[in-house]
1. Compactness ratio of the chain: Cα Rg over 2.2 N^0.38 Å, N = residue count?
2. From the alpha carbon gyration tensor of segment 3-145, can you work out the equivalent ellipsoid semi-axes (sqrt of 5 times each eigenvalue) and give them in Å, largest to smallest?
3. Please give the FRET efficiency for R32 paired with L265, using the beta carbon to beta carbon distance and R0 = 25 Å, rounded to the nearest 0.05.
4. Sort 97-109, 126-138 by packing, meaning the average of other beta carbons within 10 Å per residue, with the highest value first.
5. Got the relative contact order for segment 56-213 handy, in percent, Cα pairs under 8 Å and 6 or more residues apart?
6. Once the dipole of segment 177-277 is set up with Lys and Arg at +1 and Asp and Glu at -1 on Cβ about the Cα centre, which of L259, M189, A270 lies farthest towards its positive end?
7. Given the Cα-Cα distance of D47 and M1 and 0.36 nm per residue of separation, how much length would full extension add, in nm?
8. So what is the orientation-averaged projected area of segment 50-209, using the convex hull of its C-alpha atoms, in nm²?
Amino acid sequence: MKLIIPGGSGFLGLYLAEFFSKKGWEVVILTRGAKAPQGNIRYVHWDGKTIESWADELDNADAVVNMAGRTVNCRYTDKNKAEILNSRLDSTKVLGEAIAKAANPPKIWVNSSTATYYKDTRGDLPANDEYNGQTGEGFSVGVSQAWEKVFNEAPVPSNVRKIALRSTIVLGKQGGAMDPILGLVKKFMGGAQGPGTQYISWVHVHDFARIVDFLIERTDIAGVINCAAPNPELNRDFMAKLRKACKISFGLPMPEWMLRMGAVLIQTEAELILKSRKVVSKRLEEAGFQFDYPTVEKAFEEIVS
């Protein structure tokens, strides 16, 4: 079995590569950099825009999981916004073109998307799922809509199964979102952020990889899938449970004005913390997927250990 991961050189892509490598798969990471092979994992250069020799890797591959796209952890200047949008649209478009030209194309194409697609949802309102989720507004939502539009319109053969994976925050050791959050907790600054009543939807990195594996195996599933654990948490509860896992009893809260000022200083956007993301997956539940980490308590126990 052969898996192609465009843009897979970051925390999440490397975890996915290791996960499938341990299952005996050949894994090819398409990246702008160059690295020596590591076991079953090879690195192949691409620019995310033009069809070159990398496209040959798609022929006879079993699956593609596209993770290409500039990080959103930055200030939303006009330049950065253009790079965030274009890196996603260009890579998705050229992948579609390459798959369409393959003599024996992959059976499944999973394309990253984001749960930011959904409306800011607070209080007792139901969580956004694949059937009843409400579309939000703003720059990040516009990016996810444009991204999925290019993906859906990609002219690949009809036997290539396509899944748009709307991922929530992915939690895991030594990388991703957890590093800065753990840093705050250990400095006794891990209290509620902003009002603390905004929801955090999340998934453990191991379950993320298991979901991708599950979707590859389940040939009856296509379309939009929310990659989210079944229990979103209020920000204040999320931080309190993380403090407990770290055996730290106290954490200074960070009011909204402080978050906005701090975001400028560290060159990011306060929206990444202040938006309320209340998202679950009805389709994974219906398909019988069982999470190894259904609660943040269990996730934090593994991450902090």
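A short reminder: the numbers here are calculations on the coordinates, not readings from a lab. For clarity, every value in this text was computed on a predicted model and none was experimentally measured. Positions of Cβ are generated from backbone atoms using ideal geometry, with glycine treated the same way; all protein chains shown enter the neighbour counts.
1. Working: Rg = 19.1 Å, N = 305, 2.2 N^0.38 = 19.3 Å.
Normalised by 2.2 N^0.38 Å, the Cα Rg of the chain equals 0.99.
2. On the way: eigenvalues 170, 63, 47 Å².
For segment 3-145, the semi-axes come out at 29, 18, 15 Å.
3. Values: r = 29 Å, r/R0 = 1.14.
With a Förster radius of 25 Å, E is 0.30.
4. On the way: 97-109: 17.8, 126-138: 15.3.
Sorting 97-109, 126-138 by mean packing, highest first, produces 97-109, 126-138.
5. Values: 199 pairs, mean separation 38.3, N = 158.
Over segment 56-213, the number comes to 24 percent.
6. Of L259, M189, A270, it is M189.
7. Working: separation 46, 0.36 × 46 = 16.56 nm, distance 2.48 nm.
Gain on extension, D47 to M1, equals 14.1 nm.
8. Numbers: hull surface 46.5 nm².
Across all orientations, segment 50-209 yields a mean hull projection of 11.6 nm².
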